[in-house]
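Written out below as structure tokens is the structure these notes cover.
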Amino acid sequence: MTQQVESTEPRHDALRVVIVDDHDLFRTGLRNLLEEQGILVVGEAAAGSDAVRSVRELAPDVVVMDLNMPGMTGVEATRQITGIAPLTRVLVLTISDQDSDVLDAILAGACGYLLKDSSIQNLMTGIRAASIGESLISPNIASKVLQRVRSTSSVPAIAETIRAELSDREIEVLKLIASGKDNAMIAGELHISPKTVKNHISNILMKLQIDNRIQAAVYAVKSGIV
């Protein structure tokens, strides 16, 4: 069942968030925490199908998504949301650090993946990053995902696409993304400004038709160029 809620002190510039989790107490606690941080929680959903409906009706900036729910899973809900509302970002918040769950969620279009034992500060950082299309994934989870991808066979056709579509500098940036470097680290290593790094990343995502940087990292690892 979809439930719409209003913040007690809405701000015109507040990020608009929908919380998706099948546990009522968790949703209530999370909503209270987020509203204390100035987030406008515009809706809640207890199931994946309700989450998709909420996004259609409310057009939130970010969906905070659990994975394990009855009926439609969080992964399938994420896939449908990114298909119907590309400007709404999905941040997964779950108890599972299983490689398969993480990879499935990322490939479905999630642009962040945090565990439920994360601090409110990390969650806020994740929501803000998601709202502008950047990724926040726990470093240990990101490394596990890339290790799993690396253990599978590379796909030469992907490498050909990368070399055909990207400039040499963009390929350098892509390799550093796949190595787990953030924008500041990439800027320092390549001796360019953080703004230039962001421009390169935007171009990479557009040229390769990829949603976010963690998907770009997976793509690069699959190609075998890193």
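The values are calculated or read from the model by the stated rules, or taken from the named source; none is laboratory data. For clarity, every value in this text was computed on a predicted model and none was experimentally measured. Neighbour counts are summed over all protein chains in view; Cβ atoms, including those assigned to glycine, are modelled from backbone coordinates with ideal geometry.
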- Note on the structure: Residue count, segment 153-180, condition at pLDDT 85 or above and assigned to a loop (DSSP other than H, G, I, E, B), comes to 2
- Might you let me know whether segment 203-219 holds any residue that is among the polar types (S, T, N, Q) and more than 16 Å from the chain's Cα centre (by Cα)? yes
- Subset of segment 134-161 [in contact (Cβ under 8 Å) with a residue 60 or more places away in the chain, touching a strand residue (DSSP E or B) at 6+ places or on another chain (Cβ under 7 Å) and either of a type in the set (A, V, I, L, M, F, W, C) or not assigned by TED's automatic domain parsing to the domain that holds Asp99 (or both)]: Ile137
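Out of the residues in segment 137-191 meeting the condition of being of a type in the set (Asp, Glu) and surrounded by 12 or more Cβ atoms within 10 Å (Cβ to Cβ), tell me which one is farthest from Ser96 (Cα to Cα).
In this case the residue turns out to be Glu165.
Kindly establish whether Gly112 is assigned by TED's automatic domain parsing to the domain that holds Ala47 and in contact with a helix residue (DSSP H, G or I) (Cβ under 8 Å, 6 or more places away or on another chain).
Yes: the conditions hold for Gly112.
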- With the condition kept exactly as written, say whether any residue in segment 194-207 is without any contact (Cβ under 8 Å) to a residue 24 or more places away in the chain and at positive phi. no
- Of the listed residues (Gly126, Gly71), the one being of a type in the set (Gly, Ala, Ser), without any contact (Cβ under 8 Å) to a residue 40 or more places away in the chain and surrounded by fewer than 17 Cβ atoms within 10 Å (Cβ to Cβ) is Gly71
- Query: Which condition breaks for Val18 when tested against (1) outside any loop (DSSP other than H, G, I, E, B); (2) modelled with pLDDT under 95; (3) touching an Asp or Glu at 6+ places or on another chain (Cβ under 8 Å)?
  - Reply: (2)
- Residue match in segment 162-173 (condition: without any contact (Cβ under 8 Å) to a residue 40 or more places away in the chain, within 22 Å of the chain's Cα centre (by Cα) and within 25 Å of Gly126 (Cβ to Cβ)): yes
